[in-house]
Amino acid sequence: MNADTTGSHVVVAGGGIAGLAAAHRLAVAGHRVTLLEAGSRLGGKLLAGEIAGAPVDLGAESLLARRPEAVTLARAVGLGDRLQAPATTTASVWSRGELVPMPKGHVMGVPGDAHAVERLLSEEGVRRIGRDGELPPTEIGEDIAIGAYVADRMGHEVVDRLVEPLLGGVYAGDAYRISMRAAVPALFDAARSHSTLGAAVRAVQRAGAAVPADAAGAATGLGGSVFLGVDGGVGTLPGAVADAIRAAGGEILTDAPVTELRRTGPTGWQVVSGDRVLGADAVVLATPAGPAAKLLAPHAPAASAELGAVAYASMALVTLAFRRSDVPVPAGAGLPALPGSGFLVPPVDGHTIKASTFSSQKWRWVADGAPDLFVLRTSVGRHGEEEQLHREDADLVAASLKDLAAATGLGARPVATTVTRWTGGLPQYPVGHLDRVARVREAVAALPGLRVAGAAYDGVGIPACVASAHRAADEIAEEIIATSKRTDPGAGHSL
């Protein structure tokens, strides 16, 4: 990214990780940056906190390390030595009243071999997977719902017991509506060139196996970990990025919602926030889809309409701290009875929680920060289940304890609880989502000096949000330089 020689001013609307990443990218390149966040804190769905003195993440807890963007950003803002691989990644599925180890050899729950899921599915479900090889190829077209496609090829049980809980952990959505092209692009591409779904899964697995085992961790120095955390919590990343923005000369304002955008000529903008009116050479909208739609309505009505149709799921995280001495251990083993890093819950079984993470076992920094405690969290709520979030905190805690006891035998009472609600936290990616995003970007790009970024576009994970932010920032920077050269042929050149 080229250093700014124009003295340009870029306003970034939204102080989640996408807005912070865009502002950081622009500020370190020499642009004058002002970031406006509507709320009282930065970070969006990244939030560090504590429970009974134990440090915890109350929002997103890990970075996908196979993508470089988030890890690279963490290193750039001084958190490189705090990156930490999970202490364990062994997870289970709570299915039909039993904790079953997560099968190996699958792609987002879709098995490449029926034998891999024999412990999780019924005999009929396993036999149904075998029919995939007998069916004629499925016409996928430009996109297809992953749940519908997998059910058609391998049966509903695979979707209900594996695909649904895995995708639910990412999108809090409905697998029968989620876009395969957007959510599992590698499998989508493979399925278009293979006659069976099983063959497509095995092709994706081979492609992954062809990458050296340490390639995913090469940039981190932490081996081949698929996910990484941050000592102290991923929720500390926003503050570190904000500090780096300020150190580069950027300005950050909280409690400063953007209420209006005004064009001031061929390339300029005015950004209205309360009684402030900021002049800007360019603007990055890194807000959720709804606020972005309202701001774009006077300038790009087609993009506004598209963004206005983006649905969001709400969820709650229930964080629980127990005395470690109250957590049951199997006779003679000396280890917690709760297995691995946690478990997923198929919605079809009708339980309240959709997953539980055993934080004290998954993250060394949690265990080290409170060695006498055992911290875990549950998640509640999926798209279409917003009524769950209207329940009182005590009800959500009680429902979580009931499900935990049934799944693991944990009958102890917690010493502390915290309920964190993420209302409208996760954008949904239905069939056709990527085409919608392309139409939004095309309409917005027609407005000089304006770009969009965030979880509503290219992925809900932290690396995807950072990549979206960098794309917007780089396009803005290139446009500023190009505009400067048109108005001043000597700009950007030194004598």
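The values are calculated or read from the model by the stated rules, or taken from the named source; none is laboratory data. Being a predicted model, the structure only gives us computed values, none of them experimental. Cβ placement follows ideal geometry from the backbone for every residue including glycine, while neighbour counts extend to all protein chains displayed. Note: accessible area is taken over every heavy atom of the protein model, side chains too, but ligands, DNA and RNA are not part of it. Shrake-Rupley method; radii C 1.70, N 1.55, O 1.52, S 1.80 Å.
Annotations for the structure displayed:
- On inspection, G44 fails the criterion of being surrounded by fewer than 18 Cβ atoms within 10 Å (Cβ to Cβ) and either of a type in the set (G, A, S) or free of Cβ contacts under 8 Å to residues at least 60 places away in the same chain (or both).
- Every residue from region 261-303 that is closer than 13 Å to L36 by Cα, of a type in the set (K, R) and in contact with a helix residue (DSSP H, G or I) (Cβ under 9 Å, 6 or more places away or on another chain): none
- Checking each residue in region 439-461 for being of a type in the set (V, I, T) and closer than 22 Å to A29 by Cα picks out only V452.
- Given (1) without any contact (Cβ under 8 Å) to a residue 24 or more places away in the chain; (2) under 29 Å from the mean Cα position of the chain (by Cα); (3) open to solvent by 60 Å² or more (accessible area, probe 1.4 Å); (4) farther than 30 Å from A27 by Cβ, index of the condition E118 fails: (2)
- Hits in region 379-394 - residues which are at pLDDT 95 or above and farther than 19 Å from G59 by Cβ: E392, A394
- Lone qualifier among A416, A405 - being open to solvent by 20 Å² or more (accessible area, probe 1.4 Å) and within 20 Å of H351 (Cβ to Cβ): A405
- Lone unmet requirement of (1) aliphatic (A, V, I, L, M); (2) without any contact (Cβ under 8 Å) to a residue 24 or more places away in the chain; (3) more than 28 Å from V159 (Cα to Cα) for A367: (2)
- Count of region 69-91 residues which are open to solvent by less than 70 Å² (accessible area, probe 1.4 Å) and at pLDDT below 95: 2
- Flag if L396 is over 27 Å from the mean Cα position of the chain (by Cα) and open to solvent by less than 40 Å² (accessible area, probe 1.4 Å): no
- The residue that is surrounded by the most Cβ atoms within 10 Å (Cβ to Cβ), among those in region 256-281 that are small (G, A, S) and out of contact with any Leu (no Cβ under 7 Å at 6 or more places or on another chain), is A280.
- Neighbours by Cβ (under 9 Å, 6+ apart or cross-chain): first from region 305-320, farther than 30 Å from E392 by Cβ; second surrounded by fewer than 24 Cβ atoms within 10 Å (Cβ to Cβ) and of a type in the set (V, I, T): E306/V437
- Hey, S304 part of a helix (DSSP H, G or I), among the polar types (S, T, N, Q) and closer than 22 Å to G449 by Cβ or not: yes
- Looking across region 106-115 at every residue that is open to solvent by 40 Å² or more (accessible area, probe 1.4 Å) and outside any helix (DSSP H, G or I), the one that is farthest from G233 (Cα to Cα) is identified as D113.
- Positions within region 354-385 being in contact with a Pro (Cβ under 6 Å, 6 or more places away or on another chain) and either crowded, with 24+ Cβ neighbours inside 10 Å or under 18 Å from M102 (Cα atoms) (or both), in sequence order: K362
- Those strands (runs of 3 or more DSSP E) lying entirely in region 220-288 with at least 2 residues under 30 Å from V366 (Cβ atoms) and at pLDDT 95 or above: 227-230
- Residue match in region 449-469 (condition: at pLDDT 95 or above, part of a helix (DSSP H, G or I) and in contact with a His (Cβ under 9 Å, 6 or more places away or on another chain)): yes
- Condition check for I51: within 23 Å of S359 (Cβ to Cβ), open to solvent by less than 20 Å² (accessible area, probe 1.4 Å), at pLDDT 95 or above and out of contact with any helix residue (DSSP H, G or I) (no Cβ under 9 Å at 6 or more places or on another chain): yes
- All conditions but one from (1) out of contact with any helix residue (DSSP H, G or I) (no Cβ under 6 Å at 6 or more places or on another chain); (2) buried (at least 17 other Cβ atoms within 10 Å of the Cβ); (3) in contact (Cβ under 8 Å) with a residue 60 or more places away in the chain apply to V452; the one that does not is (1).
- Screening region 130-184 for helices (runs of 4 or more DSSP H) wholly inside it with 2 or more residues that are surrounded by fewer than 20 Cβ atoms within 10 Å (Cβ to Cβ) returns the ranges 146-154, 164-171.
- Within region 9-60, strands (runs of 3 or more DSSP E) holding 2 or more residues that are among the aliphatic types (A, V, I, L, M) and over 15 Å from V452 (Cα atoms): 48-51, 54-57
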